[in-house]
Structure formats: structure tokens, C-alpha cells
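Have a look at the structure below, then the notes.
The values are calculated or read from the model by the stated rules, or taken from the named source; none is laboratory data. Nothing here was measured: the structure is a model prediction, and the numbers come from that model. All Cβ positions, even for glycine, are placed from backbone atoms using ideal geometry, and neighbour counts span all protein chains on display. Quick note on the areas: whole protein, heavy atoms, side chains included, nothing else; ligands and nucleic acids left out. Shrake-Rupley method; radii C 1.70, N 1.55, O 1.52, S 1.80 Å.
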Amino acid sequence: MSALSEAPFSPEEIASEGIKPDEYEEIFRRLGRHPNKAELGMFGVMWSEHCCYKNSRPLLKQFPTTGDRILVGPGENAGVVDMGDGLQLAFKIESHNHPSAVEPFQGAATGVGGILRDIFTMGARPIAILNSLRFGSLEDARTRRLLNGVVAGISHYGNCVGVPTVGGEVYFDPSYSGNPLVNAMALGLMETPEIVKSGAVGIGNPVLYVGSTTGRDGMGGASFASAELSDASLDDRPAVQVGDPFLEKSLIEACLEAFKTGAVVAAQDMGAAGITCSTSEMAAKGEVGIELDLDKIPVRETGMVPYEYLLSESQERMLFVAHKGRELELIEIFERWGLHAVVAGSVIEEAIVRILFKGEIAAEIPATALADNTPIYHRELLQEPPDYARKAWEWSESALPNCTAEGIEVSGKSQSWSEVLLTLLDSPTIASKRWIYRQYDHQVQNNTVSLPGGADAAVIRLRPQLGQETGQITSTKGVAATVDCNARYVYLHPYEGAKMAVAEAARNLSCVGAEPLAVTDNLNFGSPEKAIGYWQLAEACRGIAEACRELATPVTGGNVSLYNETLDSEGKPQSIYPTPVIGMVGLVEDITQICGQGWRSPGDVIYLLGDWAQSTTLGGSEYLAVMHQTIAGHPPIADFDQERQVQAACRYGIRQGWIRSAHDCAEGGLAIALAECCISGQLGAEIQLPQMPQAPSRWDHLLFAEGGARILVSVSVEQIETWESYLDNHLSNTWQKLGRVGDDRLAITTDNLTLINMSLKEMDDRWSKAIERRL
């Protein structure tokens, strides 16, 4: 007879915890008995995809995770890399997608709070935040509400806690209309001599609960994050946490001060699954047990039961293991910062999590059963690409209407290439994100070298946190950071699209002169239980693994967010585009030798590094989607030999002081990249395009096709000879001189034909106000 048929819970109760029937049988087998209500809840959150990665863990094993500069890889609260000169950088990305769909302000705000705790739990002072956001069409009133709420939430938390929001990306596509993506990345500089780990050690050592009080907010948020969204999800508002950035600011200072005393053995933030997750993970990593008494936990609500204590995701809380006898030292620090700190338990020899409540055992579970020995699903991978992809790959440029040097007919209306350029500049995905980033404080802490919108990656000065007492605080080093993913490419070809996401992140870092070092990834996908969803996830992971090996950027950790699907009114799930966001950090040896994307002076010579037109395509392009409402074709394919050569040439040119501006060609192709350089530098350009290698060619391909390994740079006239000599030796035939920086117009000609002639003012107006106009 099955355990399920004799369970003290109805099948509906078990399913409401996110537990499948066969998983309940496994819980019964491991415990040798039926779980109680609190234990069932603990298994529900810890065996959710959000906490245990049961569908993705086998796929993540293929990522490269080691390298010369990697100090801490996957498995801890954040990755840590060696920046040289004793500087150590902690960084990580996390998602808060489902909470932001239901309660955009608090969902986004607590996403920022959570990622900051991952950083300072390691002993690092947070120095920067980036975010990667996805929304539906701005024509939809709900999307506008979500955008307003999410941006307000991010700015509220980041601005109040005093950490600059320095960069990010925002895409708009109908596939995200019911399920926006909110991914937050944070960076921190180690402030403690030792990196603080999370494994509990020392039998008899006290376990301290520190920070804010526990309430009923965020109940079961991890399970909520592992299910599809539906109209009923609006009733799940209690699964959205409420954050207090001012309290978190005190928590940062108190924790860093506590770590410096040497009295803290291990630390873990209470994120998803709260007390359940922090106790079981600390115990499992240390191969010990933890006993915790819920009566000692400071609460903000009365009448709470063990189930509520254990599943609450109240914010700004941490769990410490301290050296025995030094508890009072730590409690004094937290009380001085106006925070709670209590001894709530101890480390025990038996490898279990034992929870006490009112003098009785409320829950008792083997720590590994909750934390690492969790269910794993090895799913069947499609032998052939699914029909949607094969059909999309059949598309070719011959399906487009004929075009001439004057323009193209779209939907029965003739449009010049100048008009097409303006339409693309007005597309919210390409347009200026100034309305968004002007709400963020991006200069607090006074270390932001490159401001949002000014360069292809954010650049932060690394001001040493250690050695301040002795005055050894001078450093010219910086860190560059970026988040990237063109999800349309990944949808059309998950393997190639994921490789391109990694390549573009590295290219963006190279455009500011930074050497790419390491990656943190956020895998946002639909349901892995569907054949197509799992194929997309598996192929994207294969692509990331290959690209990270090719570019020597190991993965130090990240986040998996599955079941990003919206149930429509008929109950049919609609998945988002597969969106594996790549957060990458790079080393800037000297922050006085970096580059922005805007032209610097009239007369500077403009070059394109990389392949002129052979490896570019209109498949999956912004032009195809915006002008022809078509999502089809093969997306660009990454050529890693070319990427390495082009990126190395760009970095070298910047460090030598030859290159004055650099910008990669991404969405919208060459014409959009040229327009962006003009707008950013408030200068025009006179461009003479070479003839297409194969004639007859399509003019739209020449202007708007997309591809990897292409960077636009400008060089002052005095440096041309040295620069071109370097290019001949290192890039052979894969570079072109395109023209010169001008005054106030962008003119693109080829073979004495004028393709685009547009005033800077017109381009700037269309590009800079596109999002505001729609709001």
C-alpha cells in the first residue's frame, strides 16, 4: 500500500506545497514515517526548483567553474574572484520574477535586498548593482504599471541602502507580458581578511539569529517562484516579501563589523525558504546538525505556528554560527546598530535539523534530505529540434519585399532607409533607457567611473576596503560589469543564442578596455516538464558551457528560474522566451584608460573591427521583428576565434590610448550602432560603406543585419598610422575604415548612393523620448 493513500494530508494539501505524489513517497521513505504539517512545508520549499534545482542541476555540471582568478565558485552565497593587489570581488545574480509580476514594487525591491545580502554575507561591502529586466509591450496598460512599479522598487531599495545602480539592460517583447523578468546582480569588495563561508562547524557552537523580526510575509515564496503564474496568483500576495532598505543598511554595517571580530564561524542569509533553508544548508555544508528553538526567534506577529516560522521569508535576517563564548560580543554589535541578535540554537553532532517549539520537537529532518540529497530529474532530451525552430530556420531573406537604395515598401507604405532608422531608434528595446536609470542613484559611494548610457559596460573604481587604517588605499584598478542576453536569438536557436549572450557580454567589457574574467548566470526559462522547455534549457546550458570555456570566463554561480509561464484565460500556459542572462565582470587595470561609446572629436577616423558582412544575418534581428513583424531565421553564430582577436585588438587599442571611443554592433546592426555613437557623443558621422562582398546585395542587410565580433571604434588622426599598422599585423583582413566623425548629421553612402542622411537632432529626439512617449 502506498504511503500517499495513508497520508494525514489530502492530495490537494500535498500538491499545494508543490510536492508531487512520488516525492511524497520519497519523503515517507526517508523519514520512516509521515511528515507533520511543518515538515511537509519544509520539504515543499526545499524541494522546489527555486531551492534545489531538481531539473537543472545535471545540466549545470557542464559549466567550467575553475580558473586562476577564481577564489570561490558555485555553492556559496556568491562567487569571488581575485582582482590582484589584494583586492577580492564577490558577485552574483538572482531573479525575483514571480513576486515582481504580482507586486512589482516590493517584488523588485526585495530582489535587490536579497542579492545584496548574498554579497555582504561573504564579508564583502556591496559596491554596485546592475539589473536585467524584461517586460511585455508598452502599448499594454498592465506592462506600463509593471514597469513603473519595478523601476520604483529597484530605485527605492538601492537608493535608500546607499549602493549605486550602475548598469543593466531592458527588453520589451509580448512574450513577457504576463511574466516580467527582474534579475538583479550585485558586486562587492571583500572587507574581511577571510572570506566568510556558510558551512556550520564546531559541535556545541551557538547559532545566532540576527537582523529583523519574523512575520507572515513571503510565506512559501520559494514554492511560489517554482510555479506558473495565473489570474489566481494575484491572491498570492503574502508570498511577496516586504523590504526595509534602512534596516538592511544597518545590517550591512553590523555584519561586516561582526565578521572582523573573528567571532563568526559561518554565516547564511535567510532568503528563499527563510529559517528552513538557512538551517538545513548550513548544517549540510558542515556535515553537522542544527537545533533551533522557535520560541527564541523575535517576531512581529502573534500566534505564529512552526509552519509559519519555518516558511516565512521576512527580509533582512541572517543566521550565524559563532565561536562558543563570544556570543555576547556579537549581540552587543547588533544591538548597537538597532538590530535583533539572539542565541536561538546550537550546532549538534547528529546531522539533522531539529526545530523546537514550546518545549517540544516541531520538526526533525536529516539536513542533507533538505539541502543537497534532493530529487533530481534526468529528463529526456528531444532527438530533433522542435517544429517551431525548424519552421523558423526555413526563413530566408528572399521572403522579404524587394528593396532599393532609396528604401523598402512595408505594409503597403514606402519607407526610406532614414525613416526605417528612426523607427528602429524608436523601438523601446533599442531606445534610450534614460527614463529608467535617471531614477537610480548611480553615483553614491563616489566610485562610479562610467555612468549609465555612456559606455557598453559599467566601470567602478576599486577602492580598497582593507588597509584603510594604515592609509594603504590607493589603487588605479577598476571592475567593469555587464548583463546581456538577446532572448530572441535563444528562442530561435538556444545553443547558438546562449553562446552569443556570453560573447556579447565579453565584447561589452572589451569595449571599455576591461579583460573579461568570470560569469554569473540567471537562467530564466519556461517549464522543464515540457519537451520544448527542457530542450531550450539543455541546449542553452550547452551553449553557455562552450562559450565560457572558449572565452576563459568560468561560471562562479548564479540562479535558475523556471516555470516562467502565464496561464491564459483558457488555462493554457504561455512561456516566456528562454532568457539565460549572462552577468560578467572584467578587470580594468587603470581606470584612466577606459572608453565610452560616443564619438569624441570631429575629424576622428571611424573603423569597424571584425567581419564586414559575411557572418551577419537578418534572422532574429530587431529590424525583422519591428519592420516586418517576423520572428524567424537563423540568429547570428558566434565565431570565437574572431571574437578573441577583435576583443583583444579593442582592449589593446584602448590601453595604448589610440582608441577614443568603442561600441559593439548589437541589436539593429551597423546603422543603429553608428546612430548610437552619434547620439552619445552629440556628433555626426560621414560613413562610406565598402561594396558588399557578394552582389546583388540587399540594402537592409548592409545596414541592419546583426552578427557577433563587430566593434565600432574611433581613432584620432595622429594615431592612424600606428593603429592601422597594428591592425594589419593582428586582424589582417577583418577590419574596415568607414569614415570620419562629423558635425551634426549621420550620412551613410556607398558607391555614390546616399542610403541614410539624418540630422543628429531628429535621431536624438526619436531615441531619447521613445519610452516616455509610451508612458
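Overall, the accessible surface of the chain at a probe of 1.4 angstrom is composed of carbon and sulfur to the extent of 48 percent. Accessible-area rank, largest first, for Glu772, Glu169: Glu772, Glu169, with all protein chains present and a 1.4 angstrom probe. Which of the trypsin sites (Lys or Arg not before Pro) found in the range 60-143 are loop residues per DSSP with 13 or fewer other Cβ atoms within 10 Å of their Cβ? Answer by residue number: Lys61.
Using the Cα gyration tensor of the range 331-436, with a ≥ b ≥ c the square roots of its eigenvalues, what is the shape: rounded (a/c below 1.5), prolate (a/b larger than b/c) or oblate (neither)? The shape class here is oblate. Per-residue extension of 0.36 nm, minus the Cα-Cα distance of Glu570 and Asp765, leaves a gain of 66.0 nm for this segment. Counting only residues at least eight positions apart within a chain, or on another chain, the lysines with an alpha carbon under 20 Å from that of Lys296 are Lys324, Lys358. Sequentially through the range 608-624, phi angles give Karplus couplings (6.51, -1.76, 1.60; θ = phi - 60°) of 10, 8, x, 5, 5, 8, 4, 9, 8, 8, 8, x, x, 7, 5, 4, 5 Hz, Gly and Pro residues having no value and appearing as x.
With a Förster radius of 56 Å applied to the C-beta separation of Lys20 and Asn733, the computed FRET efficiency comes to 0.45. Only helical runs count toward this figure. For the chain, summing -39,500 (n - 2.57) over DSSP H runs of n ≥ 4 and dividing by all residues gives -10000 deg cm²/dmol at 222 nm.
Heavy-atom accessible surface of Phe246, to the nearest 10 Å², is about 130 Å², with a 1.4 Å probe and all protein chains retained. Report the label-to-label distance for Asn402 and Ser10 in nanometres (one decimal), using points 7 Å from each Cα along the Cα→Cβ vector. About 6.9 nm separates the two model spin labels. Its relative contact order, with pairs defined as Cα atoms under 8 Å and 6+ residues apart, puts the range 13-57 at 35 percent. Taking all protein chains as shown and a probe of 1.4 angstrom, Met122 keeps an accessible surface of around 0 Å².
Annotation: amide H of Lys92 within the under-5 Å range of Ala186, sequence separation 5 or more or interchain, hydrogens built in the peptide plane.
Mean separation of Cα pairs under 8 Å and 6 or more residues apart, divided by the residue count, gives the range 240-338 a relative contact order of 50 percent. Proximity of backbone amide H atoms, modeled 1.01 Å from N, is registered between Ile756 and Ile748 at under 5 Å, excluding neighbours fewer than 5 places apart on the same chain. Inter-part distance, the range 14-84 to the range 372-437, computed on C-alpha centroids, equals 35 Å.
Beyond a 26 Å Cα-Cα separation, which of these cross-linked pairs lie in this structure: Lys391/Lys572; Lys61/Lys499; Lys37/Lys92; Lys499/Lys572; Lys20/Lys572? Checking Cα-Cα distances, Lys37/Lys92; Lys499/Lys572 exceed 26 Å. Using only the Cα atoms of the range 575-632, build the gyration tensor, take square roots of its eigenvalues as a ≥ b ≥ c, and label the shape rounded, prolate or oblate: rounded if a/c is under 1.5, else prolate if a/b is larger than b/c, else oblate. The shape class here is oblate.
Rounded if a/c is under 1.5, else prolate if a/b is larger than b/c, else oblate: which is the range 22-141, with a ≥ b ≥ c the root eigenvalues of its Cα gyration tensor? Judged from the Cα gyration tensor, the range 22-141 comes out oblate (a/c at least 1.5, b/c at or above a/b). Relative to its residue count, the chain spans a Cα convex hull of 151 Å³ per residue.
Computed 3J(HN,Hα) for the range 396-404, one whole-Hz value per residue from the Karplus formula 6.51 cos²θ - 1.76 cosθ + 1.60 where θ = phi - 60°, is 9, 5, 5, 6, 7, x, 4, 9, 10, glycine and proline marked x.
The relative contact order of the chain, computed from alpha carbon pairs under 8 Å that lie at least 6 residues apart in sequence, is 15 percent.
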